[in-house]
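Each value in this text was obtained by applying a stated rule to the coordinates, not by laboratory testing. Just so it is clear, the model here is predicted, and its values are computed rather than measured. Don't worry about glycine lacking a Cβ; one is built from the backbone with ideal geometry, like all the others, and counts go over all protein chains shown.
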Amino acid sequence: QQQVKQSPQSLIVQKGGISIINCAYENTAFDYFPWYQQFPGKGPALLIAIRPDVSEKKEGRFTISFNKSAKQFSLHIMDSQPGDSATYFCAASLVGAGGTSYGKLTFGQGTILTVHP
Amino acid sequence: DTGVSQDPRHKITKRGQNVTFRCDPISEHNRLYWYRQTLGQGPEFLTYFQNEAQLEKSRLLSDRFSAERPKGSFSTLEIQRTEQGDSAMYLCASSQTSGSLYEQYFGPGTRLTVT
């Protein structure tokens, strides 16, 4: 069962444009939603994460928008740069009382982002 | 460098051989996770440890796979009687459990090729 669905599979953006990647989840018990960036041959790197008590979180050029009722969240990359070209993964996990993680991350299928100069 | 490290980075083995991978987590992290990633897919959870206790195993972890974390520090993942379907990137991640510090940080992975 695919619990986190990510779209699009690939995305091409011009330098300076906005990249938008969407994810939808099924398990309403998920309450921690990170985004990871992965370059070829490397492990995923944590980019930004959100808990459902807020609808938006911004860190530099990266913003997560969260819609709890729709069970959707998205990553926006403003002023996209060629160096942002990578594969992006959304993920979801459970976090218990007191902020203790229940463990495993469930990942989306990934989005290959290409930013043309 | 205080990040997660994995060894080896690449492993080529023949079908039927046993292989073992090592992961060294960030030193103050008490949780350690193993994931498997095949080409074009997101990482899939295999198992995780809190200190030396193995708390959860995925159904993906067949009886040919075994993981250990004997002293609550580094971990090993062993695959016995490798099959071609085991070819993948094996990723290790670590995290804390205190307070709100539950972010998982990944290592560079071990790419396994079974011929």
Global form of chain A, assessed from the alpha-carbon gyration tensor, a/c cut-off 1.5: prolate
Peptide-level mean, for A:104-115, of C-beta atoms on other protein chains within 10 Å: 4
Relative contact order, percent, chain B [alpha-carbon distance under 8 Å, six or more residues apart]: 36 percent
Anisotropy class of the stretch B:9-54 from Cα gyration tensor, a/c 1.5 cut: prolate
Over the stretch A:1-113, relative contact order from alpha-carbon pairs under 8 Å, at least 6 apart, %: 35 percent
Candidate aspartates and glutamates - alpha carbon under 16 Å from A:LYS104, same-chain residues fewer than 8 apart omitted: A:GLU26, A:ASP31, B:GLU44, B:GLU56, B:GLU103
For the stretch B:1-89, convex hull volume per residue from C-alpha positions, Å³: 102 Å³
B:GLN17 long-range amide H proximity, modeled H, under 5 Å: B:THR82
Those lysines that a straight Cα-Cα span of less than 28 Å connects to A:LYS15, excepting residues fewer than 8 apart in one chain: A:LYS5, A:LYS42, A:LYS57, A:LYS58
Förster radius 35 Å - calculated FRET efficiency between A:GLU26 and B:GLN84, Cβ distance, rounded to 0.05: 0.65
Separation of alpha-carbon centers, the stretch B:41-77 and the stretch A:37-57, rounded to whole Å: 23 Å
Cα-derived Rg to Rh of the stretch A:27-81, Kirkwood definition: 1.00
